[in-house]
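**Q** Dumping the structure here so I can ask a few things about it.
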Amino acid sequence: MALSWSHAVLFVQDEPRMLDFYTRVLGFQVTDEGPIAGDRKITFLSQEAAEHHQVAFLAGREEVGPSNSHAHLAFRVEDLSELRVLIARLHEESLTLRPTSHGNTWSVYFQDPEQNGIEIFCDTPWQVKQPAGETWDMSLDDEALLAWTREKFQDAERFGPQEEFIARRERELAAVDGDD
Ligand SMILES: [Fe+2]
């Protein structure tokens, strides 16, 4: 048995504004909406066919600001070209972006319209001991960015190909499963 991640439900204050941002800028589709728990509106959003909702908005947030319980929600995109499309859209919204590479990711951090922390990232070919983080230059082309990332992290602890990390984790998870 293993738990797999499905969704997060956020309390929201200005639901139309949040909905606009998550659909128009981040690319979510509304999969359902309706009243819940005493007529509070809940709106479900997803970008994955097999997931009814990855995010949902529950109306009734009183104070807008950074959460005191979660630092950010993170969403993965397929590759650098997809990440660059998102970055361009976020720039059009005049958002402050914080580009950080964790060695295993190229990430950009920003805040949504109600100051929830969001990370969008794609994987690099490598893994490295975490936490690790370096600011990356969003103007570098793919080849230069790969070279920069290898140079920055190659001497870090447990630097190696993504495949090796995944294989090790599969062995560790199988060992736990075998104990059940
Ligand atoms: Fe993260």
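**Q** Which members of region 23-76 meet the condition of being among the β-branched types (Val, Ile, Thr) and open to solvent by 50 Å² or more (accessible area, probe 1.4 Å)? Please lay out each step first, then the result.
**A** Filtering region 23-76 down to residues among the β-branched types (Val, Ile, Thr) leaves 23, 25, 30-31, 36, 42-43, 55, 64.
Val30, Thr31, Ile36, Val64, listed by residue number.
**Q** Sticking with this one: Please state which one of Thr96, Thr100 is in a strand (DSSP E or B) and modelled with pLDDT of 95 or more. Don't jump to the end; show me each part of the working.
**A** Details: Thr96 fails: in a strand (DSSP E or B).
None of the others qualify; the one that does is Thr100.
**Q** Separate question: When only residues in region 98-115 that are within 12 Å of the ligand (Cβ to nearest atom) and closer than 21 Å to Met18 by Cα count, which is surrounded by the fewest Cβ atoms within 10 Å (Cβ to Cβ)?
**A** The qualifying residue surrounded by the fewest Cβ atoms within 10 Å (Cβ to Cβ) is Arg98.
**Q** Can you say whether Phe44 is without any contact (Cβ under 8 Å) to a residue 60 or more places away in the chain, touching a helix residue (DSSP H, G or I) at 6+ places or on another chain (Cβ under 9 Å) and either of a type in the set (Phe, Trp, Tyr) or not in a strand (DSSP E or B) (or both), as far as the supplied structure shows? Step through it out loud before you land on a result.
**A** Numbers: without any contact (Cβ under 8 Å) to a residue 60 or more places away in the chain: yes; touching a helix residue (DSSP H, G or I) at 6+ places or on another chain (Cβ under 9 Å): no; either of a type in the set (Phe, Trp, Tyr) or not in a strand (DSSP E or B) (or both): yes.
So Phe44 fails the test.
**Q** Hey, another quick one. When both residues are 6+ apart or on different chains and their Cβ atoms are under 8 Å apart, which pairs have a first residue that lies in region 1-19 and is in contact (Cβ under 8 Å) with a residue 60 or more places away in the chain and over 11 Å from Glu114 (Cα atoms), and a second that is open to solvent by less than 40 Å² (accessible area, probe 1.4 Å) and polar (S, T, N, Q)?
**A** Sorted first by the residue in region 1-19, then by its partner, the pairs are Ala8/Gln54.
**Q** Does Glu63 fit the bill of being away from the ligand (no atom under 16 Å from the Cβ), modelled with pLDDT under 95 and more than 30 Å from Phe159 (Cβ to Cβ)? Step through it out loud before you land on a result.
**A** Details: away from the ligand (no atom under 16 Å from the Cβ): yes; modelled with pLDDT under 95: yes; more than 30 Å from Phe159 (Cβ to Cβ): yes.
Yes: the conditions hold for Glu63.
The values are calculated or read from the model by the stated rules, or taken from the named source; none is laboratory data. Note that the structure is a prediction, hence the values are computed from the model and not measured. All Cβ positions, glycine included, derive from the backbone under ideal geometry; neighbour counts span all protein chains shown. These accessible areas exclude ligands, DNA and RNA; they are computed on the full protein's heavy atoms, side chains included. Shrake-Rupley method; radii C 1.70, N 1.55, O 1.52, S 1.80 Å.
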